[in-house]
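**Student:** Please find one structure pasted underneath; my questions will follow.
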Amino acid sequence: MTQDGRTAILLAAGLLHASCSAQERVADPAPAGDNAIAAAPSDSSAPAAGTRPAMRQARILISSDRGQVTAELADNAAARALLRMLPLTIEMRDHLRQEKTGNLPSPLPETRRQTDFSAGTLGLWGSDDFVIYYQGGRVPRPGIIFLGHLIGDPAIFDRPGPITVRIDRAR
């Protein structure tokens, strides 16, 4: 093996080790009552840093006249409460050309909040204000409760004006 080949293997092994170490740190979140603010994910399909990984069995389908997308819910009390409310129909309005927002029929439990979000994040602003972000960004404190993340393309929400969505358990 050439010196360049050995160097490439060592470099790849070092990057793999650094990546695993970072993932291990993120996988050990603070307790749910912690008021720390989590950072946004760099990969739009991953949950925000500091949140627990999404529950594989807890997927929802969000449908509108513009199409449908599947989302994977976070493993927290607010997401579990949302799941218990289903099916839901929510009238949503466009807000700041970055999100669609609408009211839930009842409040969800308070859990840890974060200020950063990525396109496809599902969140909760107030106790009953459901949000679908179709652009990435940052919100002021106290931040949003992370509910989950779209698996499909959030572009169906990236249009001005109101939209009616139906949320069901995914099959």
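**Student:** Could you tell me whether R93 is of a type in the set (K, R) and out of contact with any strand residue (DSSP E or B) (no Cβ under 7 Å at 6 or more places or on another chain)?
**Tutor:** In short, no.
**Student:** What's the number of the condition A78 fails, among (1) aliphatic (A, V, I, L, M); (2) closer than 17 Å to P142 by Cβ; (3) surrounded by fewer than 14 Cβ atoms within 10 Å (Cβ to Cβ)?
**Tutor:** (3)
**Student:** Give segment 89-110 a look and list any residue that's surrounded by 14 or more Cβ atoms within 10 Å (Cβ to Cβ) and touching a Pro at 6+ places or on another chain (Cβ under 7 Å), or say none.
**Tutor:** M92, D94, listed by residue number.
**Student:** Looking for something more than 22 Å from D65 (Cβ to Cβ), touching a helix residue (DSSP H, G or I) at 6+ places or on another chain (Cβ under 6 Å), surrounded by 14 or more Cβ atoms within 10 Å (Cβ to Cβ) and modelled with pLDDT of 95 or more - is there at least one such residue anywhere in segment 126-140?
**Tutor:** Scanning segment 126-140, I find no residue that is more than 22 Å from D65 (Cβ to Cβ), touching a helix residue (DSSP H, G or I) at 6+ places or on another chain (Cβ under 6 Å), surrounded by 14 or more Cβ atoms within 10 Å (Cβ to Cβ) and modelled with pLDDT of 95 or more, so the answer is no.
**Student:** In segment 116-171, how many residues are within 15 Å of A79 (Cβ to Cβ) and β-branched (V, I, T)?
**Tutor:** Going through segment 116-171 one residue at a time, the tally reaches 7.
**Student:** Which numbered condition in (1) free of Cβ contacts under 8 Å to residues at least 60 places away in the same chain; (2) on the phi > 0 side of the Ramachandran plot is the only one that G148 fails?
**Tutor:** That leaves (1) as the condition not met.
**Student:** Can I ask one more? Picking from G120, G148, G161, G67, which residue would you name as being touching a helix residue (DSSP H, G or I) at 6+ places or on another chain (Cβ under 7 Å) and loosely packed, with under 14 Cβ neighbours inside 10 Å?
**Tutor:** G67
The values are calculated or read from the model by the stated rules, or taken from the named source; none is laboratory data. Not measured: the values here are computed from a predicted model. Please note: Cβ atoms are built from the backbone with ideal geometry, for glycine as well, and neighbour counts cover all protein chains shown.
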